[in-house]
Amino acid sequence: MLKKLLHEPLLHFLLLGGLLFLFYSFSQHDENTENSIVISKGRIEQLTSDWEKKFFRTPTKEEKQKMIENEIYQTVLYREALKIGLDKNDDEIKRRLAQKMEFVAYDTYELPLPSDEVLKKFMREHPEKYKEEGKIHFTQNMVGSDTTEFEKEYTLTKFEAGNIFGRPFAEVLFTLKPDGKVHKIESTYGVHEVRVIDRPIEKPKAFDTVKEKLKDDYLSLQREQKNRAIYEKLKSQYNISIEEK
């Protein structure tokens, strides 16, 4: 009986018709989904929140409607752009999507606040960033000038010396030692004869005065290292090849 039914043309026709109906139904569903734009309640709340942060007030009914219309406008043009492939091989779009992915991928953790002991250790490991700005005591006069008339004494930080004589002058000046020797250094004004009188040893700043900066720098470094680890993990999922010329 079963064999006979399997050979019935009518059964074949019905089965084929059923399959075509299912295929058409799924196709229509996909097409309807693709052509549907839903501005969800959550999205409206997000748009409203963004508005309030920008303008420090709640949008009016008309402003809210305009905000929703703008969202629809952008979504329609975005969908059409995807249809004709405007997102392909566009460096600007690639850059913006990569930036958004950074927020998505890197905003998945919360760093613990460091203790004072951790911050003090971090300070010892990076002493150059948390020390008092040293001052150098020196004399200078222009080459060819009357030394007794133009020689002057200065006690300046590197930044201050750069403002007066130029950064290249300051860079060279702060390599010199208080050895009593006369050194020639060039600046935008000409050539100077410089003698370093004293250069106090730079001391680390008091912990309490740099604690907040230490915390910011420490967390920034931790975040950078964590983000790098996340990136390397994502990168490891791809087979990367670079074509040589």
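Of all trypsin sites (Lys or Arg not before Pro) in the range 60-125, which ones are in loop regions per DSSP and have a Cβ with at most 14 other Cβ atoms within 10 Å?
Values: sites: Lys61, Lys64, Lys66, Arg79, Lys83, Lys88, Lys94, Arg95, Arg96, Lys100, Lys120, Lys121, Arg124; in loops: Lys88.
Listed in order of number, the matching sites are Lys88.
With r as the distance between the Cβ atoms of Thr139 and Glu224 and R0 = 30 Å, compute the FRET efficiency 1/(1 + (r/R0)^6) and round to 0.05.
The calculated FRET efficiency here is 0.10.
Using a Förster distance of 45 Å, how high is the FRET efficiency between Lys211 and Ile68, based on the Cβ-Cβ distance and rounded to 0.05?
The pair Lys211/Ile68 has a calculated efficiency of 0.45.
Taking 0.36 nm per residue of sequence separation and subtracting the Cα-Cα distance, how much length would be gained by fully extending the chain between Ile197 and Glu153, in nm to one decimal?
Answer, rounded to one decimal: 14.9 nm.
From the Cα gyration tensor of the range 196-245, with a ≥ b ≥ c the square roots of its eigenvalues, which class applies: rounded if a/c is under 1.5, or else prolate if a/b is larger than b/c, or else oblate?
oblate
Which distance in Å, rounded to a whole number, links the C-alpha centroids of the range 167-194 and the range 94-141?
When both Cα centres are located, 32 Å separates them.
Mind checking the dipole of the range 41-88: about its Cα centre, +1 per Lys or Arg Cβ, -1 per Asp or Glu Cβ, Debye to the nearest 20?
On the way: 11 positive and 9 negative charges, 14 e Å.
For the range 41-88, the charge dipole is close to 60 debye.
Rounded to the nearest 0.05, what FRET efficiency is calculated for Asn35 and Gln237 with R0 set to 51 Å and r the Cβ-Cβ distance?
That pair, Asn35 with Gln237, gives E of 0.95.
For the range 133-198, compute the orientation-averaged projected area of the C-alpha convex hull (one quarter of its surface), in nm².
Value for the range 133-198: 4.0 nm².
Within the range 189-227, find all residues whose amide N lies under 17 Å from a label point positioned 7 Å from the Cα of Val118 along Cα-to-beta-carbon.
Within reach of a label on Val118: 211-227.
If I model a spin label at Lys131 and Leu97 as a point 7 Å from the Cα along the Cα→Cβ vector, what separation in nanometres do I get?
Spacing of the two 7 Å Cα→Cβ label points: 4.9 nm.
Pairs Lys61/Lys94; Lys83/Lys226; Lys94/Lys233: which are spaced more than 32 Å apart, C-alpha to C-alpha?
Over 32 Å Cα-Cα: Lys61/Lys94; Lys83/Lys226.
Report the extension gain between Arg79 and Asn163 in nm, rounded to one decimal, defined as 0.36 nm multiplied by the number of residues separating them, less their alpha carbon distance.
Extending this stretch completely gives an extra 24.7 nm.
Coordinate-derived values only; no laboratory data. Please read all numbers here as calculations on a predicted model, not as lab measurements. Neighbour counts run over all protein chains shown; Cβ positions are idealised from the backbone, glycine included.
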